[in-house]
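To start, the structure itself, in structure tokens.
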């Protein structure tokens with residue numbers, strides 16, 4: 001492989017990793033749970049412990065999809081991932097990105113009661129599968145601060161990895 005081909009391959013892989021992370025956010029916002037699930041390996045793991053105070057989870061991706069459904073169903077949300085730093089390691093990758101999660105649900109006539117926003121960053125691990133598709137195998141969410149009313153989130157958001 002020439003240097004040019006190697007560089008082009010790395011650029012394409014880097015962009016595919018970023019596209020997958022953005023797709024994770026987009027499908028969460030659109031609440032398209034089939035395409036959301038397709039973003040992940042199975043099994044997968046996640047660690048939201050710095051925000052939820054619950055231990056990290058490792059297991060079937062379907063449990064993570066159920067958690068996401070419980071967290072955002074019935075609300076409008078916008079998840080933004082920016083400033084991606086991708087490190088490629090063969091068929092694996094690490095992606096660090098800023099994250100902003102904006103959540104809105106009508107709870108009262110007081111607009112301040114209807115929003116809950118999170119600001120921080122993601123550390124994600126991705127793996128390329130046998131067909132060449134990059135999928136997220138691990139997410140760590142690190143929250144710097146929050147604003148608003150945590151009751152905007154559905155019950156279950158704090159119960160990561162637990163079944164209803």
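Readers should treat all values here as calculations from the given coordinates under stated rules, not as data from a laboratory. Since the structure is predicted, the reported quantities are computational estimates derived from the model, not experimental observations. Because the Cβ atoms are built from the backbone with ideal geometry, glycine has one as well, and the counts that use them run over all protein chains shown.
Things worth noting here:
- Model label points for residue 133 and residue 42, set 7 angstrom from Cα along the Cα-to-Cβ axis, are 1.1 nm apart.
- Debye intensity ratio in log₁₀ form over the Cα atoms of the range 93-145, taken at each q of 0.20, 0.22 Å⁻¹: -0.75, -0.81
- Separation between Cα centres of the range 123-146 and the range 1-55, rounded to whole Å: 5
- When shorter helices are ignored and each DSSP H run of at least 4 residues is given -39500 (n - 2.57), the per-residue value for the chain at 222 nm works out to -9500 deg cm²/dmol.
- Sorted largest first, extent of the range 23-64 alpha carbons per principal axis (Å): 27, 20, 13
- Cα extents of the range 1-72 along the three principal axes, largest first (Å): 47, 26, 21
- Order by protection proxy (mean Cβ within 10 Å, highest first), peptides 70-76, 94-100: 94-100, 70-76
- Dimensions in Å of the range 60-164 - Rg and Dmax from alpha carbons: 15.8, 52
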